[in-house]
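Below is one structure; the comments refer to it alone.
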Amino acid sequence: GAVVSQHPSRVICKSGTSVKIECRSLDFQATTMFWYRQFPKQSLMLMATSNEGSKATYEQGVEKDKFLINHASLTLSTLTVTSAHPEDSSFYICSARASGGMASYEQYFGPGTRLTVT
Amino acid sequence: GIQVEQSPPDLILQEGANSTLRCNFSDSVNNLQWFHQNPWGQLINLFYIPSGTKQNGRLSATTVATERYSLLYISSSQTTDSGVYFCAGRPPSGAGSYQLTFGKGTKLSVIP
């Protein structure tokens, strides 16, 4: 149980285009999902907290107009990188916190999406 | 926010050796998780351990919440244990209390 998927696993796009990354909790409901960014050989940096049915909460320094987050259902959150530039190239990871019967503070992580902007 | 310090930053082990990884927190944390990030980037949940000791096969973890640290023990290491080990903690209740703060990780290399 507690499986989180991400799609796509890898994407290459041209500078100026937008890219959407999906994060799904496959076997549980997730009221809260989180989006992280990880640079090579570094730790995970929290970008935003996504709550189902409400606006995401962004961490300081993260541009909300550039990184659009939508959490339309209890099993799906999306991150759209708008007008991507090479400096947006990174490894993006989502996580989900179970709600309902499985509710706890434990987070389960997706496999990540490697974005390369050329 | 809380600061999370992991040690050592790098560790090289001969296959079969044991090791202890440490995680210190600057302030109280209400829960703590240990993860293994494999070479493909996937974070695998090892332990959810707010306090006490847990064991899972060759791995075990101990959290002493009152002293703000946690330890991850790896026994009889195998080459498949290689990767980066992260600990992460959640601040006390309040705004953002669901969010995890990660340490910088310990990179483990197990050589045959």
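What share of Cα pairs, in percent, lie more than 20 angstrom apart in the range A:44-107? Above the 20 Å cut-off, the range A:44-107 has 30 percent of its Cα pairs. In this Cβ point-charge picture (+1 for Lys and Arg, -1 for Asp and Glu), chain B has a dipole of about 140 debye about its Cα centre.
Assign one of three labels to the range B:53-112, namely rounded, prolate or oblate, based on the Cα gyration tensor with a ≥ b ≥ c the square roots of its eigenvalues; rounded applies when a/c is under 1.5, prolate when it is not and a/b is larger than b/c, and oblate otherwise. Please report the intermediate quantities before stating the final value.
On the way: a/c = 3.08, a/b = 1.84, b/c = 1.67.
Judged from the Cα gyration tensor, the range B:53-112 comes out prolate (a/c at least 1.5, a/b above b/c).
I need the fraction of alpha carbon pairs in chain A separated by more than 16 Å, rounded to a whole percent.
Details: 3917 of 6903 pairs.
Value for chain A (Cα pairs over 16 Å): 57 percent.
Accessible surface area normalised per residue over the protein assembly as shown is 48 Å², counting heavy atoms of protein chains with a 1.4 Å rolling probe. P(r) tail for the protein assembly as shown: Cα pairs beyond 33 Å make up 16% of the total. Here the contact order of chain B, divided by its residue count and restricted to Cα pairs under 8 Å and six or more residues apart, works out to 37 percent.
Within 10 Å of the Cβ of each residue in B:98-111, the mean number of Cβ atoms contributed by other protein chains is 3. Cα-based values for chain B, radius of gyration first and Dmax second, are 13.6, 47 Å.
Under a Cβ-only charge scheme (Lys and Arg +1, Asp and Glu -1), can you give me the dipole magnitude of the protein assembly as shown about the Cα centre, in debye to the nearest 20? Walk me through the intermediate numbers first.
Values: 18 positive and 15 negative charges, 44 e Å.
Dipole of the protein assembly as shown, to the nearest 20 debye: 220 debye.
The values are calculated or read from the model by the stated rules, or taken from the named source; none is laboratory data. Predicted model only: the values in this text are computed from it and were never measured. Don't worry about glycine lacking a Cβ; one is built from the backbone with ideal geometry, like all the others, and counts go over all protein chains shown. Areas reflect the complete protein model, heavy atoms only, side chains present, ligands, DNA and RNA absent. Shrake-Rupley method; radii C 1.70, N 1.55, O 1.52, S 1.80 Å.
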